[in-house]
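Comments concern the structure below.
The values are calculated or read from the model by the stated rules, or taken from the named source; none is laboratory data. No experiment lies behind these values; they were computed from the predicted model shown. Cβ placement follows ideal geometry from the backbone for every residue including glycine, while neighbour counts extend to all protein chains displayed.
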Amino acid sequence: MPAFPAQYWLVGVDVGGTTVSTVLLDESLHAHGELTVDTDLSSADNTMLGIAHAIEATLALGGGARRLAAIGLGIPGQQDPANGIVRIAVNLHWYDYPLVARLTARFGVPCVIENDVRVATLGVYRFDNPAGDQDLAYISIGTGLATGVILEGKLLRGRHGLAGEFGHVIVDPDGPPCNCGARGCLETLVSATAVVRRAREALAAGAGGALVALSPLTARGVYEAAAAGDAAAQQIVDDVGTELARSLRSVVLAYDVDSVVLGGGVTRAGDRYLAPIIAEWRRQQATSALARAVLRPEILRIADPTRNLGAWGAAALAAELIEE
């Protein structure tokens, strides 16, 4: 291991298909600045160079008081952290891409990569964990659905790096087609994409009201329409919440966690998002002692929407390089 100074910088990077978000933390994990820039998708190497430029701009926010010690990155898709290789990141056009080697050569410091949702889970654990829970599950709900799990304070990866892939648990074999090639995966029923699809189906079936006026048609708009009293939108919200509640039961039973944290743009509906999930848990509690014991609404919450927990978690991942 290299010798690290008493004071240093850590950079965390959350790489998405649209934007790259960064955070600059000091050795005490206090933030000194954050940036978000567009992802350069013009070529595989240009994507890497865009990330490098974002890291350099982030370091400039802190001035010269400290030097960079490590970089952590959350990348969508399948990662090989041990070898520093992005195996598959479809939206970034990276296949077996040696990202860690490229960035280490450029910055001269250790770098580490991990799947973006697992990195965000680490961000929740380290920076959005008021009760100090050592066992938690984080469910990211957006275009798809993915889950990260912390058990006994350690990020669960699984032998093939697929631990917690509840988004591709088949819920309805006759359901909508999924990008993974199966049908009726959980994410096809409860993701933001699924909310929009359900709304389109309702409109095709003759639904009127506030749904008709939504342009563009978005998951956020559906939740806002439900809050305004639109019956069709409320039915979609209830159906999605009920389905998600049943699957969250499986997460709780599988991992026996202290808390279940929901994140992603659609969860910004707040209590409106949680209400149908809690209602379904209450229905299960009415007839099941097991449900009364494990499906406690107080373990369910929404992640802090004010910070990019992916970038923060990536910085925490970088900190682990120093702590080893």
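Miscellaneous remarks
- Among (1) at pLDDT below 95; (2) small (Gly, Ala, Ser); (3) closer than 19 Å to ILE302 by Cα - the single one GLY241 does not satisfy: (1)
- Taking (1) closer than 25 Å to GLU323 by Cα; (2) modelled with pLDDT of 95 or more; (3) over 22 Å from the mean Cα position of the chain (by Cα) in turn, ALA3 satisfies each apart from (2).
- Total residues in region 225-256, condition over 21 Å from GLY206 (Cβ atoms), assigned to a helix (DSSP H, G or I), in contact with a helix residue (DSSP H, G or I) (Cβ under 9 Å, 6 or more places away or on another chain) and in contact (Cβ under 8 Å) with a residue 24 or more places away in the chain: 14
- The condition of being closer than 20 Å to GLY161 by Cβ and outside any helix (DSSP H, G or I) does not hold for SER42.
- Search result, residues across region 162-177 that are part of a loop (DSSP other than H, G, I, E, B) and touching an Asp or Glu at 6+ places or on another chain (Cβ under 8 Å): VAL171
- Scanning region 204-216 for residues that are of a type outside the set (Gly, Ala, Ser) and either modelled with pLDDT of 95 or more or farther than 22 Å from GLU243 by Cα (or both) returns VAL212, LEU214, PRO216.
- Residues (at pLDDT 95 or above and surrounded by fewer than 17 Cβ atoms within 10 Å (Cβ to Cβ)) located in region 257-274: ASP258
- Near pairs, Cβ below 8 angstrom, 6+ apart or cross-chain, from region 265-292 (touching a residue at least 12 places away in the same chain (Cβ under 8 Å) and under 14 Å from ARG249 (Cα atoms)) to any residue that is in a loop (DSSP other than H, G, I, E, B) and aliphatic (A, V, I, L, M): TRP281/LEU295; GLN284/LEU295
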